[in-house]
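Read through the structure below, which is laid out as C-alpha cells, and then see the notes.
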Amino acid sequence: MLEEDQSPHMRYEIYWSFGIDAKTSRRISHRLILLLFIQVLHAACKFPSYYGGSWYHRLSGLDTDVEISPRRGKWVDNQGGDRDCEDSYEHPKQEVSEGANYTMLLASGGNCFICIDVIYRSPYILQFRQVSPSMDCIDSIEGLFQFSYEVDQGGGGVCNDSRNIIQACQTPGSPNYDNKDFLMTYNVCPDVSTSFKASIRYKCMGSWVAYLNGQVYTFVGLKDDSTGVIQDQFKCLMTLRDQRSADNSISWGMTRFGDCRDLKSLESSPYRIVLRRIAPQTKYMLPQCTLPGNITGTWFTQGLQFASDVRINSTHIYYRTMLSQFDYEETWFSCQANLGTRYLMTKVVVGRCEVSFTCFDLAPRHQGVVRYRVGRSTKLPLDAEKRTRNERFLTDSFMETCSWQWLTFARENVDWKYEVLIQNPPSPVTCPIGGRFSFTQHSHDFYQLYDTRIRGVTLSPRNQISCLHNVSEIKSCVADRSKLEIDAWYCETVDFSGKPIGEYDEPDHVLTCVGFWLEDMRSYLITYDEEDAVSKYRCWVYERISWTQLALSRAETARCPKDQTAFSYRTEGARFYMELTEAERLFDDCPPRFDAGFVVAKPITLYRLFDGSASALQPRLLFIAAVITIAVWFGVER
C-alpha cells in the first residue's frame, strides 16, 4: 500500500534534482526524502474526510470538545489530549451504507498509545470507545475494606484507624472507571508519627503471579491520579496467595516507588498493609419488624455449593459461609416488613458494596427444621439513603421484592422446593421409621456403601464365637427411638432359647433423627452422624413400598436434590439407595412404626358449659370442662 503512494513522490524528487550541482543535489535530496518519508507515514493513517470537524462529547463527566483533522491525522481535545494517528483499520461493511467504521491506533506523546474504535452513525454523530491503558482491578481488589498501614521508616508504628478505607465499588453513574481503579483513604493516628492524611485514587495497570522463596505471590501495578513527581505516581503491590488468616484479613506489601524489586516479602515491604472486609453503612439495617420467636438460635443450612452456619435473633439473620478451608463470607439480613410467611429483609455482604432487598418465605418450624426459600434480590436505588424510610416506601419495596413470582428465579419455574435450616446442635426427635430390618445397598461408588467397622476401643476382648448366620441390620427400637442403628455385617446367631447371643451388638453407624416432613408427596428425613467424614447432616427421601418393605435414598449432603426420589442412586447429589425388609425376631422388642411426615396442626378445643338460662358459668361446670379439655388434649397427643 505504501509503495503505490511513494512512486509519484519519487518521480517528483528526481525531476527537481536536474540542473543542480551534485553536492547541493545530494543535500536537498536527503531533506526531501526525509520530508517525504514523514508525509508518507502520515498519509498511511489519514482520517476519513467525513470524520473531520468539531465534535462534542462527555469524557469522564466533563464537557469535551474534539477537533479532528483528516489530512494531518490529528485528534485533539480541550482536556489536554493531542494524538497523532499511527495506524488504522477499516472494518468491512456488512451492508451498503454511507460512512465507514475504523479501529485506530493513536500516539499520545512518547511511547503511550491508545486504541479507539469509531462507529459512523450519521454525518453528525460518531460513536466511539477508547481502550485506556488501565486494566480491571476486580481480580485483585474489589469491595469495601478497612485497613491498617505501617511505614518502615521514621520510627514505624501501625496506624489502625477506622477511617482508613478502601473503596473498590462499581457505582452506576460514577464519572470514574470503577472497575479499573479504587479509592484509598489514609487517616492520621495521633500516636504514630509516620501516619498521614490522604485520599488517593489508584488505577490498576496489570497483575501477575510470581514465585519467591517457594511461595506464590500476586503482584499488582498501580498508578495514582496525582500530579506530583512522576516516580511517586507508580506503586507495586504484593500479596501472598491462599492466605490463612483466622480473621479473614488480607496482608499486602506496597513499594514507595514503581520498582517491584523492592518487594521481597510481606514483612520487609516499605508499606505493610492489612485489609479487613467491612459491611457498607446503611440506615436500612435498622430493623422495622420481628421474626418468628421459635426460630431464634443457631442453625445449619446446605446450599447448592457451600454450607453455612446461621444465627437468628428476633430481628436479624446472620450467615457465615465457608468458601474454602480458610476463606469465609459473612452476610447480614435485617427485617424491614412482613406479611404472613414473607419477610422483606435488607441484605449486606461483608466486604461488598451493594445494599439490596431480599425476601424470605419462612414456613412454620417443625421439630428441629425450618423450611424456607429466598427470592431474587433488588438493589436499592441510588437515592435510597436520602429517602425517608416510611411505610409507603417499604410497602412498595415489599410488593416488588416479595411478590410470589419474584420468589423463583424464573417465572415458569414451578418445580421448586424449600431449603432447610437445621438446628445446630441438633435436638433429637423420634425417627419416622421404626422396627428391625435387613437391607440391601445400591450404589455405583463403593465408598458410598455402609461397611463393617470397629468404632474405637472395645469394652472387652472378643470371645471368637462362631457365627452361623450374618445379615445386614438397621433398627430403631424402644431403647432409643431417636436413633437409627446400622450394622452391615451383624451376627444373627441365637442360643438354645432363641435369644441373640450378642457378643458385640455395637452398631457400625448410629444416625440421630433431627426432623422429617412431607413435601410434594415425598417424605424427607434429616439425620446427624458426628462420625460422618463427608457431611454430619444428611438428607434422606423415604417411602413405604409394601407392608414389610421400605426404600430410602441418601443425599451426599444435608440438601436433597430436587429430583431425588426414594429410589435414587444415579442422581447427581444422591448416589446411595437402600431397600429395607422387616426382620423382627421374637425377643427383639422392636415393634415397627412408620410416619410419612404429615404436619398437622392440632387445635385446642375449649368447651364452655352454661346453665339452662345461659346467664352465668358455674364453677363446677367450668372444672368439668377443664377436665374434659385436658383429657381430649392428652388423647390427641397420644
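None of the figures in this text is laboratory data; all of them are computed from the coordinates on show. These numbers come from a predicted model, not from an experiment. Counting neighbours? That spans all protein chains shown, and the Cβs are built from the backbone with ideal geometry, glycine included.
Report the FRET efficiency, 1/(1 + (r/R0)^6), for residue 447 and residue 572, where r is their Cβ-Cβ distance and R0 is 22 Å, rounded to 0.05. Numbers along the way, then the final one.
On the way: r = 17 Å, r/R0 = 0.76.
Plugging the Cβ-Cβ distance into 1/(1 + (r/R0)^6) gives 0.85.
Which whole-Hz couplings ³J(HN,Hα) result when phi for each residue of region 553-560 is put into the Karplus expression 6.51 cos²θ - 1.76 cosθ + 1.60, θ = phi - 60°, listed in order with x for Gly and Pro?
These are the phi-based 3J(HN,Hα) values: 10, 10, 7, 7, 9, 7, 10, 7 Hz.
For region 240-287, calculate the relative contact order in percent as a whole number, restricting contacts to Cα pairs under 8 Å that are 6 or more residues apart.
RCO, region 240-287: 36 percent.
Say R0 is 22 Å: what FRET efficiency, to the nearest 0.05, do residue 588 and residue 506 get from their beta-carbon distance? Show your work: numbers first, answer last.
Working: r = 16 Å, r/R0 = 0.75.
According to the calculation, E is roughly 0.85.
Which lysines, on any chain, are close to residue 74 with Cα under 26 Å apart, when same-chain ones fewer than 8 places away are left out?
46, 93
Rank the residues 184, 205, 345 as a footprinting-exposure proxy: fewest other Cβ atoms within 10 Å of their Cβ go first.
Working: 184 24, 205 18, 345 28.
Exposure proxy ranking, most exposed first: 205, 184, 345.
Do you know the relative contact order of region 303-413, to the nearest whole percent, from alpha carbon pairs under 8 angstrom that are 6+ apart?
Computed over region 303-413, the figure is 17 percent.
For region 294-423, what is the convex hull volume of its Cα atoms per residue in Å³?
So the per-residue Cα hull volume is 121 Å³.
Please list the non-local residues whose amide H lies under 5 Å from the amide H of residue 593, H modeled 1.01 Å from N, same-chain partners needing a gap of 5 or more.
Counting only residues 5 or more places away or on other chains, the set is 434, 435.
Apply the Karplus parameterisation 6.51 cos²θ - 1.76 cosθ + 1.60, with θ equal to phi minus 60°, to every residue of region 383-388 and state each ³J(HN,Hα) to the nearest whole Hz, in sequence, with x for glycine and proline.
9, 5, 5, 8, 6, 7
Amide H to amide H under 5 Å from residue 47: which residues, 5+ apart in sequence or cross-chain, H placed 1.01 Å off N in plane?
Amide H neighbours of residue 47, under 5 Å, 5+ apart: 73.
Work out how much length residue 94 to residue 193 would gain on full extension: take 0.36 nm times their residue separation and subtract the Cα-Cα distance, in nm to one decimal.
Computed gain between residue 94 and residue 193 is 29.1 nm.
Just to verify a number: FRET efficiency for residue 413 and residue 241, C-beta to C-beta distance, R0 = 56 Å, to 0.05?
0.90
Report, by chain and number, residues whose modeled amide H sits under 5 Å from the one on residue 482, excluding near sequence neighbours (fewer than 5 apart, same chain).
431
Order of 593, 272 from fewest to most other C-beta atoms within 10 Å?
Details: 593 13, 272 19.
Ascending number of Cβ neighbours within 10 Å: 593, 272.
Using a 7 Å offset from the Cα along the Cα-to-Cβ direction at both residue 230 and residue 115, what is the distance between the two label points in nm, to one decimal?
2.5
Any lysines with Cα under 23 Å of the residue 223 Cα? List them, leaving off those in the same chain fewer than 8 positions away.
180, 197, 203, 235, 264
Residue by residue through region 512-523, which ³J(HN,Hα) values in whole Hz follow from phi under the Karplus form 6.51 cos²θ - 1.76 cosθ + 1.60 (θ = phi - 60°), with glycine and proline marked x?
9, 7, 9, x, 8, 7, 10, 9, 6, 6, 10, 8
For region 468-599, how many pairs of lysine residues have a Cα-Cα distance under 24 Å, where the two are 8 or more positions apart or belong to different chains?
Count of close lysine pairs: 6.
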